[in-house]
Structures are given as C-alpha cells and as structure tokens.
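Participant: One structure follows; several queries about it will come next.
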Amino acid sequence: MNKVRHFKSLLDINKNEFIRIIKRSIEFKQESHDNILNNSLQNKTMAMIFKKNSTRTRVAFETAMVTLGGHAIFLSSDTTQITRGEDLSDTAKVLSGMVDIVMIRTHNHSEVEELASNSSVPIINGLTEKYHPCQLLADMQTYYEERGSIEGKTVAWIGDGCNMCNSYINAAKILNFKLKIATPSGFEPDHKTLMLAKDNVELCDLPGQAVEDSDLVTTDVWTSMGDESESEKRKQLFKGYQINQNLFDKAKADAIFLHCLPAHRGEEVDADVIDGPRSRVWQQAHNRLFTSKALIEFLLNESK
Ligand code: CP
Ligand code: NVA
C-alpha cells in the first residue's frame, strides 16, 4: 500500500469525507434492514487490540467485519505479548503484515500514534484517554437521521471534558456547528483541541447556559476508564452537572438527547431524560455497527 489512511482522531477526515461516511452508514443500515447480503470484506481481517473494557465498540467492529464477509480477531492486551513488553512499533509491523486493518482501544493516545507510524495498514482509534472518534460518527449519523444537517446547529456538552468532549470539539470544527461546553472547574477539555476549534466552541460557566436553546444535549460518565481512583471526588464535584428534566427543558423543544453509553442513571443523567421521549441513545448505540462498516470500507478504499 502506498497511501495509508488512519483514523486516529476525527481530524484525519475532512467535512466531505465525514458526511460521506454518515451517508454510507445510513445505506448500510438500510441494507441490513432489507436483509441484503454484502460480502464486500470477504477474506479481509481486522485485529482489535483492547487495553480497556468495551461492549459496543467490540461488538460493532466484530459484527461489521463478520457480516461483510470478513473476520475480526479480538486481542485482549492481557493475552498478547504487548503486556509482556513487546514494543508497539514491533507489534504494528507484525500485525500489518498479516491483517488488513487494526483497531486499538488504549489508555495513551501516543500508542495510537506509534501504531500508526509503524503500520502499513489503517489504524483505527477505538478510544483513548484523549479521543473517541468512532463514537462521533454514530452520534452524527443519529443527529442526521433525526434532524438533517447539523451545520449551524447548537450542541450542549455537560460534565467531564473527557475524550468524548474532545471529539465533539473536533466534530464542531469539521461539521461547523456550535458547541457550548459546561464542565466543573479543572475538568475542561484538552486545551490544544479547543484552540483548533475556537470559532465553534464556547465554554460556559453554568450547565443552564450551555443547554439554553440547544438542538442536541449530550454528556458522558463522570469517571472515565482510567480515572477510577477519582470516582468519589468526582461525584461531589460534578453535582449540579446532571442532565435532568429541569435542565433539558432549557433546550429547544425538539432537542434530542444522546449519550455514548455506558450511562449511570442518577449521576450524569436522570432516568427521566435518558429513558424519555427525546432520548435517542439506543438508535445511537445501534448506529455504531453501521458507522463501523462505513469507516472500515472508507479506510480500506482510501488506502489503495
Ligand atoms: N460507547 C462505547 O464506546 O461503548 P463501549 O465502551 O461499550 O465500547
Ligand atoms: N469517556 C468514557 C467513554 C466510554 C465509552 C471512557 O473513556 O470511559
């Protein structure tokens, strides 16, 4: 392969490509509903390295590969040589000589960079402490299906300035929507990521200011994977950042609620909202499958 396209963060794709992937995901969804057989990934293999837990990401990528006629290999990092000290650069050189595409979920974003710079096949970031770009594909598909283009719309992010928040910032810049963020002090998103999207992002002092008149309201757990030692402290500091009906009522009347899941009802979101009529979290979760198909197809086609 002369040209390899990676998906380390959303910044690896441009606006047209982002929209293309969303539209292709919708086609894959239709194909699946119509029971149309598609073997376009026959004989293709994907290695999936997981250094953190997952339900959706693993099942989405594995199902995407299998239902397109290919195969996915689940590599729990505990059972590979990575945990025994093999360099990731060596791992990348070995895997990319055997499989067609690699996905990794890990703690340090630098590991995704290291894999990518040593791989001759596409590397997908399946979540790091810094970004969760795959989830944004599904979130944007869901918004698109529900309300059409997100360009010029307003999104409210409430809670931790975590990997999901950073990826929302990237998406705001690429798709040109306004992102209003409210986090407790000390939990702001990544500064460099923010600086790249200055014109699209506003940091708000209070959750109510962020949610006011927004078209989409979203949040994530207060304690991400890797931050568990701060869990109790965070529960105290994040009080007041829960998306409950009272807060959600400040959004536009037709605003939708999204959450990447897993969710903790009673913490970052109240059951009334996540299980309420304007929540689209199940559709969003299911869209992980279709966006995984579209992303794999895109990266393989673009890497020829
Ligand atoms: N939203 C998401 O990435 O879920 P998993 O952690 O279950 O993969
Ligand atoms: N911010 C969360 C997302 C889980 C999908 C975490 O990193 O644990």
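Participant: Just checking, how many residues over region 151-172 are surrounded by fewer than 21 Cβ atoms within 10 Å (Cβ to Cβ) and in contact with a Leu (Cβ under 8 Å, 6 or more places away or on another chain)? Full working, then the answer.
Facilitator: If we filter region 151-172 for residues that are surrounded by fewer than 21 Cβ atoms within 10 Å (Cβ to Cβ), which is where we start, we get 151-153.
Now restrict to residues that are in contact with a Leu (Cβ under 8 Å, 6 or more places away or on another chain): 151, 153.
Summing the residues that are surrounded by fewer than 21 Cβ atoms within 10 Å (Cβ to Cβ) and in contact with a Leu (Cβ under 8 Å, 6 or more places away or on another chain) in region 151-172 gives 2.
Participant: Starting from region 253-267, keep only residues that are at positive phi, then list their pairs with residues that are hydrophobic (A, V, I, L, M, F, W, C) and within 13 Å of ligand 2 (Cβ to nearest atom) whose Cβ atoms are within a distance under 6 Å, requiring at least 6 positions of separation or different chains.
Facilitator: That search, which allows pairs on different chains as well, returns Leu261/Ala285.
Participant: Taking strands (runs of 3 or more DSSP E) that do not extend beyond region 1-112, which have at least 2 residues that are under 26 Å from Tyr168 (Cα atoms)?
Facilitator: Numbers: elements: 45-50, 71-76, 101-105.
Answer list for region 1-112: 45-50, 101-105.
Participant: Specify which of the listed residues (Val99, Val121, Val112, Val94) is of a type in the set (A, V, I, L, M) and in contact with a Lys or Arg (Cβ under 7 Å, 6 or more places away or on another chain). First the steps, then the outcome.
Facilitator: Values: Val99 fails: in contact with a Lys or Arg (Cβ under 7 Å, 6 or more places away or on another chain); Val121 fails: in contact with a Lys or Arg (Cβ under 7 Å, 6 or more places away or on another chain); Val94 fails: in contact with a Lys or Arg (Cβ under 7 Å, 6 or more places away or on another chain).
It is Val112.
Participant: On to the next question. On the given criteria, is Thr193 within 16 Å of ligand 2 (Cβ to nearest atom), within 24 Å of Ile21 (Cα to Cα) and of a type in the set (Val, Ile, Thr)? It would help to see each step written out before you state the result.
Facilitator: Values: within 16 Å of ligand 2 (Cβ to nearest atom): yes; within 24 Å of Ile21 (Cα to Cα): yes; of a type in the set (Val, Ile, Thr): yes.
Yes: the conditions hold for Thr193.
Participant: Test each condition in (1) away from ligand 2 (no atom under 16 Å from the Cβ); (2) buried (at least 23 other Cβ atoms within 10 Å of the Cβ) for Thr219 and report the one that comes out false.
Facilitator: (1)
Participant: Oh, and also: Take Ile104 and decide whether it is aliphatic (A, V, I, L, M), within 16 Å of ligand 2 (Cβ to nearest atom) and buried (at least 20 other Cβ atoms within 10 Å of the Cβ). It would help to see each step written out before you state the result.
Facilitator: Details: aliphatic (A, V, I, L, M): yes; within 16 Å of ligand 2 (Cβ to nearest atom): yes; buried (at least 20 other Cβ atoms within 10 Å of the Cβ): yes.
When the stated conditions are applied, Ile104 passes them.
Participant: Confirm whether Thr193 is modelled with pLDDT of 95 or more, more than 24 Å from His6 (Cβ to Cβ) and crowded, with 18+ Cβ neighbours inside 10 Å. First the steps, then the outcome.
Facilitator: Details: modelled with pLDDT of 95 or more: yes; more than 24 Å from His6 (Cβ to Cβ): no; crowded, with 18+ Cβ neighbours inside 10 Å: yes.
Against the criterion (modelled with pLDDT of 95 or more, more than 24 Å from His6 (Cβ to Cβ) and crowded, with 18+ Cβ neighbours inside 10 Å), Thr193 does not qualify.
Participant: Moving to a separate point now. Taking region 241-279, which residues are surrounded by fewer than 21 Cβ atoms within 10 Å (Cβ to Cβ) and among the charged types (D, E, K, R)?
Facilitator: Asp249, Lys250, Lys252, Asp254, Arg265, Glu267, Asp270, Asp272, Asp275, Arg278
Participant: Any residue in region 222-236 that's surrounded by 13 or more Cβ atoms within 10 Å (Cβ to Cβ): show its pairings with residues that are at pLDDT 95 or above and of a type in the set (Gly, Ala, Ser) at Cβ separation under 7 Å, as long as the two are six or more apart or on different chains.
Facilitator: Sorted first by the residue in region 222-236, then by its partner, the pairs are Trp222/Gly159; Thr223/Ser231.
Participant: While we're here: May I ask you to say which residue of Leu179, Leu137 is surrounded by 24 or more Cβ atoms within 10 Å (Cβ to Cβ), assigned to a strand (DSSP E or B), within 17 Å of the chain's Cα centre (by Cα) and modelled with pLDDT of 95 or more? Outline the logic, then answer.
Facilitator: Values: Leu137 fails: assigned to a strand (DSSP E or B).
Going through Leu179, Leu137 in turn, just one is surrounded by 24 or more Cβ atoms within 10 Å (Cβ to Cβ), assigned to a strand (DSSP E or B), within 17 Å of the chain's Cα centre (by Cα) and modelled with pLDDT of 95 or more: Leu179.
Participant: Does Ile274 meet the test of being among the β-branched types (Val, Ile, Thr), within 18 Å of the chain's Cα centre (by Cα), at negative phi and more than 13 Å from ligand 2 (Cβ to nearest atom)? Quick ask: steps written out before the conclusion?
Facilitator: Working: among the β-branched types (Val, Ile, Thr): yes; within 18 Å of the chain's Cα centre (by Cα): no; at negative phi: yes; more than 13 Å from ligand 2 (Cβ to nearest atom): yes.
No, not satisfied.
The values are calculated or read from the model by the stated rules, or taken from the named source; none is laboratory data. All figures in this text were calculated on a predicted structure; none of them were measured in a lab. All Cβ positions, glycine included, derive from the backbone under ideal geometry; neighbour counts span all protein chains shown.
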